[in-house]
Amino acid sequence: GNSVTQMEGPVTLSEEAFLTINCTYTATGYPSLFWYVQYPGEGLQLLLKATKADDKGSNKGFEATYRKETTSFHLEKGSVQVSDSAVYFCALSDLFLHDMRFGAGTRLTVKP
Amino acid sequence: SQTIHQWPATLVQPVGSPLSLECTVEGTSNPNLYWYRQAAGRGLQLLFYSVGIGQISSEVPQNLSASRPQDRQFILSSKKLLLSDSGFYLCAWSVRDRNTGELFFGEGSRLTVL
């Protein structure tokens with residue numbers, strides 16, 4: 001079945017550092033890929049998405065490219081801020097949202 | 001605009017006691033509704049989803065149940081809580097019949113079973 005594997009955390013960076021959170025997936029079809037973010041004490045919210053191979057999703061300075069050849073959807077940001085401290089979830093969905101599969105989450109802490 | 005609310009935000013319950021978590025959505029009609037559980041250090045596990053009033057699909061066997069008495073109300077219940085039921089419970093909704101990939105999550109309810 002479909003599944004998502006993302007790098008284990010926690011990740012601690014200094015402000016303005018470069019961020020990469022790795023995400024790889026296994027899917028039988030042609031899924032859409034997502035990154036969700038969970039700020040402390042809150043529910044998840046969609047950060048960005050890509051619906052087909054080679055698409056790049058971007059939002060708030062974060063980017064991720066749907067790489068079918070490497071089955072990856074790594075999250076990157078060139079310069080992180082303290083306010084980016086949160087838990088980031090990679091996810092995939094095939095036909096239906098109730099089939100959405102989430103990774104275990106990666107906790108990011110950015111220090112000033 | 002659409003909003004989703006869950007309550008209570010925090011709950012401490014003894015083993016064997018009942019549970020009722022409520023979720024309501026405003027500003028939309030006929031949403032798909034979901035209950036997820038987030039255990040510490042693990043990803044989100046889908047517990048139930050609903051595509052309409054009275055229609056509940058269960059994803060995992062457990063001592064929890066869900067009900068949808070109204071279009072925009074989703075309730076998670078248990079008759080007798082177990083220690084393993086502790087976790088962070090998230091309600092979510094999505095637009096019916098559109099796989100935009102966007103699930104809209106509530107603020108979550110943290111349950112501790114002692």
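The values are calculated or read from the model by the stated rules, or taken from the named source; none is laboratory data. The shown structure was predicted, so the numbers you read here are calculated from the model rather than taken from an experiment. Using ideal geometry, Cβ is built from the backbone for each residue, glycine included, and neighbour counts are taken over all protein chains shown. Accessible surface areas use protein heavy atoms only, side chains included; no ligands, DNA or RNA. Shrake-Rupley method; radii C 1.70, N 1.55, O 1.52, S 1.80 Å.
Here are the numbers for the structure shown:
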| read-out | value |
| --- | --- |
| When segment A:1-107 is reduced to its Cα atoms, the Kirkwood hydrodynamic radius in Å | 13.8 |
| Neighbour cut-off at most 10 other Cβ (10 Å), DSSP loop, trypsin sites (Lys or Arg not before Pro), segment B:7-114 | B:Arg98 |
| Max mean-square fluctuation residue, GNM over chain B, Cα-Cα springs under 10 Å, options B:Leu83, B:Leu33, B:Leu21 | B:Leu83 |
| Neighbourhood charge, 13 Å Cβ-Cβ cut-off, centred on B:Ser57 and excluding it, Lys, Arg +1 and Asp, Glu -1 | -1 |
| Fraction of alpha-carbon pairs over 23 Å apart in segment B:10-114 - percent | 23 |
| Shape category assigned to segment B:5-46 from the gyration tensor of Cα positions, a/c cut at 1.5 | oblate |
| Sites excluded, chymotrypsin sites (Phe, Trp or Tyr not before Pro) in DSSP loops with at most 15 other C-beta within 10 Å, longest stretch of chain A | A:19-95 |
| Within a Gaussian network of chain A (alpha carbon springs, distance under 10 Å), most fluctuating of A:Leu75, A:Leu48, A:Leu13 | A:Leu13 |
| Carbon/sulfur fraction of accessible area - segment A:4-112, other protein chains in place, 1.4 Å, % | 48 |
| Contact surface A-B: accessible area buried, both sides summed, square angstrom, 1.4 angstrom probe | 1600 |
| B:Ile75 - accessible surface, heavy atoms, 1.4 Å probe, Å² rounded to 10 | 30 |
| Selected from B:Pro31, B:Val60, B:Tyr49, residue furthest toward positive end of dipole (segment B:1-75; charges at beta carbon) | B:Val60 |
| Using θ = phi - 60° and Karplus 6.51 cos²θ - 1.76 cosθ + 1.60, couplings along segment B:67-84 (whole Hz; Gly, Pro as x) | 9, 9, x, 9, 4, 10, 10, 9, 10, 10, 9, 8, 7, 9, 6, 10, 4, 5 |
| Accessible area of the protein assembly as shown divided out per residue, in Å², using a probe of 1.4 angstrom | 48 |
| Tail fraction, Cα-Cα pairs, segment A:1-61, threshold 14 Å, whole percent | 70 |
